[in-house]
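Comments concern the structure below.
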Amino acid sequence: MDLTAKELYDQYGKEGVLLELNGNLKVKIENIAGFSNGNKGDLIFVPDEKALEIAIKGNCSAMVIDKKLAELSSKISNEIAIFISANIALSHAKIKLKYSDHDYGQSGWERIHSSSVIHQSVEIPSSTTIGPNVVIEKGAIIGENCKIMANVVIEHNAILGNNVRIHPSTIIGWDCKIGNDCLILSNSVIGSEGFGYSQDQFFNHHRIPQTGNVVIGNKVTIGANNTIDRGTYGPTTIGEGTIFDNICHTAHNVTIGKNCIILSGWLCAGSTTIGDCVVASGGAIIRDHISICDDVYLVHRAGVLFDIKEKGMYAGTPILKMQDYKENLKIAQNLKSLATDIERLKKLKQLK
């Protein structure tokens, strides 16, 4: 990163991320740093007033502040470039992604590592890199500018779009399809065997082969140690822009919509349909054959045992609308005194 504050503003001002630039327009920006340890040449992002008080004591060359802090910009030295942002978290994401993301091309290996095993039917574009011990089976299709890191297995007929980064020891199962601009972190399994069994009269278990696949849309992130099961016949589907935290499980025949946020501990049973823009906080558990509409928030380790047909926030197990959940919590906090009152009433009744 080596550009002036004015050059940075000319680029991101057009995108509507940065609203205004004040202070020293000619200052050089070389790095991006945290607001508490910015030095000369650094750009920092300041989300709130408390962070601003810390940042002012530092020695950064430029800072991005939230528009709510614009009236406090007079506290900042004129030697510093001051960007006003409409959405500081979005500014942080866009600018750091372009100028300060980790370069995974620093591994030091040749473009296609000599230890990799790639079937002769597979063509690797010149812009794609293959790490040590990667296995790519017959009929797989690999897109442009992909980074496939050490010990990844891509099974037969799987398809990777462009700009896909797969971290070490991940498995992409046969026939599975990954869209463009996806990120899949370490030790995840896409297209694992769905849990399909029947039982006979002696309770012996008989496997039902899972012959569907997993279809992942564009710009999806799958965190570390995720498992997404293939469908029994058709696909398990993850919609465009959806992001998964680490340690999540999605079972067979599930459909998840666009731009959802799925946090750690997610357990979603089979044949469930999740709408668009659903947010599931840590520890959410979804029963099988459930339908959840768009724009739903699941919090406080939500346990979804029935369909959700109305958007809003739900909490607890079994789920309740947030207002009802809060009322129940108030009652639960007084259970001891309520139990004492009930015992007193019983004694009074006995006296009568």
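The values are calculated or read from the model by the stated rules, or taken from the named source; none is laboratory data. All values reported here derive from a predicted model rather than from experimental measurement. Because the Cβ atoms are built from the backbone with ideal geometry, glycine has one as well, and the counts that use them run over all protein chains shown. Note: areas computed on protein heavy atoms with side chains; ligands, DNA, RNA excluded. Shrake-Rupley method; radii C 1.70, N 1.55, O 1.52, S 1.80 Å.
From largest to smallest, what semi-axes in whole angstrom does the range 177-307 give when each is the square root of 5 times an eigenvalue of its alpha carbon gyration tensor? Before the final figure, lay out each step's value.
Numbers: eigenvalues 109, 63, 34 Å².
Three semi-axes, in Å: 23, 18, 13.
Write down the percent of antiparallel bridges among all DSSP beta bridges whose residues are both part of the range 114-242, to the nearest 5. Could the numbers behind the result be given before it?
On the way: 3 of 31 bridges.
Among the beta bridges of the range 114-242, antiparallel pairing accounts for roughly 10 percent.
Taking the DSSP beta bridges in the range 76-177 as the whole, what percent of them are antiparallel, to the nearest 5? Don't skip to the end; give the middle numbers.
Numbers: 0 of 13 bridges.
DSSP beta bridges in the range 76-177 are roughly 0 percent antiparallel.
Evaluate the relative contact order of the range 210-294 (contact order divided by residue number), counting alpha-carbon pairs under 8 angstrom at least 6 apart; express in whole percent.
22 percent
Using only Cα atoms, figure out Rg for the range 11-78 and give it as a multiple of 2.2 N^0.38 Å.
1.03
Let me have the relative contact order for the range 163-239, percent, based on Cα pairs under 8 Å that are six or more residues apart.
34 percent
Which net charge results when you count Lys and Arg as +1 and Asp and Glu as -1 among the other residues whose beta-carbon is under 14 Å from that of residue 29?
0
Among the DSSP beta bridges whose two residues both lie in the chain, what percent are antiparallel, rounded to the nearest 5?
Just about 15 percent of them are antiparallel.
Ranked from highest to lowest mean number of other Cβ atoms within 10 Å per residue, what is the order of the peptides 267-274, 6-13?
In decreasing order of mean packing, 267-274, 6-13 become 267-274, 6-13.
What is the magnitude of the charge dipole of the range 53-138 about its Cα centre, with +1 placed on the Cβ of each Lys and Arg, -1 on the Cβ of each Asp and Glu, and no other charges, expressed in debye to the nearest 20?
240 debye
To the nearest 500 deg cm²/dmol, what mean residue ellipticity at 222 nm is calculated for the chain from DSSP H runs of n ≥ 4 alone, each contributing -39,500 (n - 2.57), summed and divided by the residues?
Roughly -5000 deg cm²/dmol at 222 nm, from the helical runs in the chain.
Taking a ≥ b ≥ c as the square roots of the Cα gyration tensor eigenvalues, with a/c under 1.5 meaning rounded and otherwise prolate when a/b beats b/c, else oblate, which class fits the chain? Write out the running numbers ahead of the final one.
Numbers: a/c = 2.70, a/b = 1.11, b/c = 2.43.
It is oblate, given that a/c is not under 1.5 and a/b is not larger than b/c.
Size of the dipole of the range 296-335 about the Cα centre, Lys and Arg at +1 and Asp and Glu at -1 on the beta carbon, nothing else charged, in debye to 20?
So the magnitude is around 100 debye.
Any idea of the accessible area per residue across the chain, 1.4 Å probe, to the nearest Å²?
I get 54 Å² per residue for this part.
Could you tell me the relative contact order of the chain? Use alpha-carbon pairs under 8 Å, at least six residues apart, and round to a whole percent.
So the answer I get is 6 percent.
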